[in-house]
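Encoded as structure tokens, the structure appears first; notes follow it.
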There are 2 protein chains.
Amino acid sequence: MAVNLQIPARENVHSVKGVRIGIGSAGIKTPGKKDLTIFVLEPGSTVAGVFTRNRFKAAPVQVCEKHLAAGQPIRALIVNTGNANAGTGAQGLDRARNMAACVAQALSLDEQSVLPFSTGVILEPLPIEKIEKAVPQALENLSESNWFDAAYSIMTTDTLPKIHSRKTEIAGHSVTLTGISKGAGMIRPNMATMLSYLATDAFIAQPILNKLAKSVADRSFNRITVDGDTSTNDSFIIMATGQGGLRIESEDDPRLPELEAALEAAALDLATKIVRDGEGATKFMTIQVEKAASAQEALKVAYAVAHSPLVKTAFFASDPNLGRILCAIGYAGIEDLDVSKVNLWLGDVWVARNGGRNPEYKEEDGQRVMKEAEILVRIELNRGNDSETVYTCDFSHDYVSINADYRS
Amino acid sequence: MAVNLQIPARENVHSVKGVRIGIGSAGIKTPGKKDLTIFVLEPGSTVAGVFTRNRFKAAPVQVCEKHLAAGQPIRALIVNTGNANAGTGAQGLDRARNMAACVAQALSLDEQSVLPFSTGVILEPLPIEKIEKAVPQALENLSESNWFDAAYSIMTTDTLPKIHSRKTEIAGHSVTLTGISKGAGMIRPNMATMLSYLATDAFIAQPILNKLAKSVADRSFNRITVDGDTSTNDSFIIMATGQGGLRIESEDDPRLPELEAALEAAALDLATKIVRDGEGATKFMTIQVEKAASAQEALKVAYAVAHSPLVKTAFFASDPNLGRILCAIGYAGIEDLDVSKVNLWLGDVWVARNGGRNPEYKEEDGQRVMKEAEILVRIELNRGNDSETVYTCDFSHDYVSINADYRS
């Protein structure tokens, strides 16, 4: 029951010159399910990634970081669902490397030119033989037109695919941006999200792309939360194939800000689509904290509200039990918060003024906004000039059902 | 559906000489419900309290802190349910003071000798006239034998009352300890819990009692969590009437440690009873983190596990999806955690060894423990010698139902 999650028509998903995708079925968890996805990049592409800061980094994340750090051009990515290959020790690391090696061998590449990704259950051994067996099958159907299907083949508890695709013009050059993401639970990315792959046909020099990956993730995937659980496998990858006309070779290129804005818009769309399809979500909430003394404290308040099970269940019920929001602001960890300066709006309704109930607030106004599928919660701290926004969803019976039944 | 919550028989709830309790019905939320409780203390009693660190402190909490700081002996407490008098601004403060003044007037006491407490919905005006009207009725039935009924009259979403009562002997003196607590949701006390009142007939000098209140709360109420939401109204009160034979006048009194241990055991029982009756709880979990580099980091890990919605729903489902516990350990915020040293036990089953799945771990063993109503999660970090324990419950459909319907 995703919230206003738009899926573009297949014909509106633009291929990105220089990126081919193959899809296979390894039968990791469910026989017959498409659970293997391989991206192959043309020579001349640059790739950058940001990964989970969970200390229990999954084996494939560790291998990705190592391969990216090695500095050789990345030429392929392999992604499996159904098993996260996390908490699997030395054997897990071997198997993550084997995934990469298997693709490398088939394509006559160096092992370090391939990045492996896994998503699914933690603490279970990766069935590497099944994956190795399915790689040739996936490589057989490599095509530039597979983005739409790949959005499905990377899904786990997602109910809908997340796709962003756009053609734009920057300084007279046509630029294509297409990306996909997956994730619905265990979502509170810290430096990145579950899995997201964003490609452009612009050329972006490696050092610039490295910086872009971080700054774009920070303003998109690092601003969403479903349940506060930072996954072991979060990965966000940007690929720039350089097959289009736009080439960014220097940080001072005046066209870079426009490209960065386009990449950020794409990443934010892919990130908020994860929230819209958050496990059990029936509401999409934007938590905007304004006039904070620092970005960090604005985020503290926004996440306290976004993670409160009481706030989330009130939204699920469309019950304007809005004292719960004040309560969350109060325990967010700002020791010197002067609550008598705090204002709270729900959509266009001014609920709390100077830390207390706004005398003009009427419950029926709150009720009206609570019934909407998309709700803006706006909090004014009146301590400074920093603002931050976090995106989240409500907490429903289905969240419990999904996570109580996920493995069975 | 509380988890193994024992209610003592009425005749086993000992009165505490010097404490009388009156109960009334103000009709704050539900007509006819007993929602008003008044404690009256004999002269010579000492009282200390610790309160929520939520910045949106409820009006009665602010008044309690002021009255306790004034230094006059506290002679009475008044508690209402159905309305938290929080987020209510200057008017709320006036009404909290009015609650105290009304009792003070009836008993010919100074207003500062009375402590007011409220619990219920936040952000709604307190119906002070209803309370003032019910005070005489409550004072009419003042009795030392009302503890059992008071445990009911302070309940909100609680399904069962929480009572601890014990007679013990310390250095030849009989000492009685009786206490009650309430709370089921919005429970992650920070310095104290929702509402808890613990009385003893020992005499404890005021400066000693002040310290005791903090240290006892820290090792009991500050170690429980239901949903991570630190309430605006948390209050923990210790009353020492001095009507029994034991008198503690000095911090060096050799009998103090034994009395402190008895108070701590009482507080821990009252605190864990709140978890056993956590909203929707079907399981009681003890999260024990060992060999940490500091108590603070042990608590970080314990709370990350205790708050993870994914861990809590897995326990609800009795599904040994235990990678979710490793995941929570990994994002708990210990930047230099060496996961290859982490061990995890579920009850007597060794699940993860050196950061990965224990080769000898069998899913059926995990399954067997997950089916129990009380589960010990033991985590060994192997970084030092500090240990901490946190108590929590699972996350069920009923949590969502209760909190989606609370006001309706």
Which condition number does B:ASN85 fail, the rest of (1) at pLDDT below 95; (2) more than 21 Å from B:TYR197 (Cβ to Cβ) being met? (2)
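Yes/no per residue for (1) over 23 Å from A:THR88 (Cβ atoms); (2) hydrophobic (A, V, I, L, M, F, W, C):
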{"position": "B:ALA281", "(1), (2)": "yes, yes"}
{"position": "B:ALA314", "(1), (2)": "no, yes"}
{"position": "B:SER318", "(1), (2)": "yes, no"}
{"position": "B:TRP350", "(1), (2)": "no, yes"}
{"position": "B:GLY356", "(1), (2)": "no, no"}
Residue identified as outside the structural domain of B:VAL121 (by TED's automatic domain parsing) and surrounded by fewer than 16 Cβ atoms within 10 Å (Cβ to Cβ) among B:ASN354, B:ASN358, B:ASN321, B:ASN343: B:ASN354
Among helices (runs of 4 or more DSSP H) entirely within region B:266-338, at least 1 residues that are within 29 Å of B:LEU198 (Cβ to Cβ), of a type in the set (Lys, Arg) and out of contact with any helix residue (DSSP H, G or I) (no Cβ under 7 Å at 6 or more places or on another chain) occur in B:295-307, B:309-316
Could you tell me whether A:ASP365 is free of Cβ contacts under 8 Å to residues at least 24 places away in the same chain and of a type in the set (Asp, Glu)? yes
Residues of region A:143-156 satisfying the condition of being surrounded by fewer than 17 Cβ atoms within 10 Å (Cβ to Cβ) and farther than 23 Å from A:LEU263 by Cβ: A:SER143
Residue list for region B:301-341, restricted to those being farther than 20 Å from A:GLY278 by Cα, hydroxyl-bearing (Ser, Thr, Tyr) and touching a residue at least 60 places away in the same chain (Cβ under 8 Å): B:TYR303
Does region A:191-208 contain any residue that is within 10 Å of the chain's Cα centre (by Cα) and charged (D, E, K, R)? no
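Given the residues B:ALA332, B:ALA266, B:ALA328, which is the only one that is farther than 23 Å from B:ASN354 by Cα, at pLDDT below 95 and either of a type outside the set (S, T, N, Q) or touching a Lys or Arg at 6+ places or on another chain (Cβ under 9 Å) (or both)?
B:ALA266
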Only one of these is under 23 Å from the mean Cα position of the chain (by Cα), within 12 Å of another protein chain (Cβ to nearest Cβ) and of a type in the set (S, T, N, Q): B:SER318, B:SER340, B:SER396. Name it. B:SER396
Out of all the residues in region B:130-179, which are under 19 Å from B:SER118 (Cβ atoms), out of contact with any helix residue (DSSP H, G or I) (no Cβ under 7 Å at 6 or more places or on another chain) and of a type outside the set (D, E, K, R)? B:ALA134, B:GLN137, B:ALA138, B:ALA150, B:ALA151, B:TYR152, B:SER153, B:ILE154, B:MET155, B:THR156
How many of the residues making up region B:45-55 are in contact (Cβ under 8 Å) with a residue 24 or more places away in the chain and either in a loop (DSSP other than H, G, I, E, B) or among the aromatic types (Phe, Trp, Tyr) (or both)? 5
Within region B:8-34, work out how many residues are under 26 Å from B:LEU177 (Cβ atoms) and either touching a Phe, Trp or Tyr at 6+ places or on another chain (Cβ under 6 Å) or not small (Gly, Ala, Ser) (or both). 13
Looking only at region A:211-228, which residues are small (Gly, Ala, Ser) and at pLDDT below 85? A:GLY228
Residue list for region B:361-373, filter: within 31 Å of the chain's Cα centre (by Cα) and either of a type in the set (Lys, Arg) or crowded, with 18+ Cβ neighbours inside 10 Å (or both): B:GLY366, B:ARG368, B:VAL369, B:MET370, B:LYS371
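Please go through region A:75-112 and give me each residue that is within 21 Å of the chain's Cα centre (by Cα) and either touching a residue at least 40 places away in the same chain (Cβ under 8 Å) or surrounded by fewer than 19 Cβ atoms within 10 Å (Cβ to Cβ) (or both), ordered by number.
Within region A:75-112, A:LEU77, A:ILE78, A:VAL79, A:ASN80, A:THR81, A:GLY82, A:ASN83, A:ALA84, A:ASN85, A:ALA86 meet the criteria.
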Only one of A:GLY280, A:GLY355 is within 11 Å of chain B (Cβ to nearest Cβ), within 28 Å of the chain's Cα centre (by Cα) and at positive phi. Can you tell me which? A:GLY280
Got a sec? Which helices (runs of 4 or more DSSP H) wholly within region A:56-151 have at least 1 residues that are among the polar types (S, T, N, Q) and within 14 Å of another protein chain (Cβ to nearest Cβ)? A:59-70, A:89-107
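The values are calculated or read from the model by the stated rules, or taken from the named source; none is laboratory data. None of the values given here were measured: they were computed from a predicted structure. In this analysis, Cβ positions are derived from the backbone assuming ideal geometry, glycine residues included, and neighbour counts consider all displayed protein chains.
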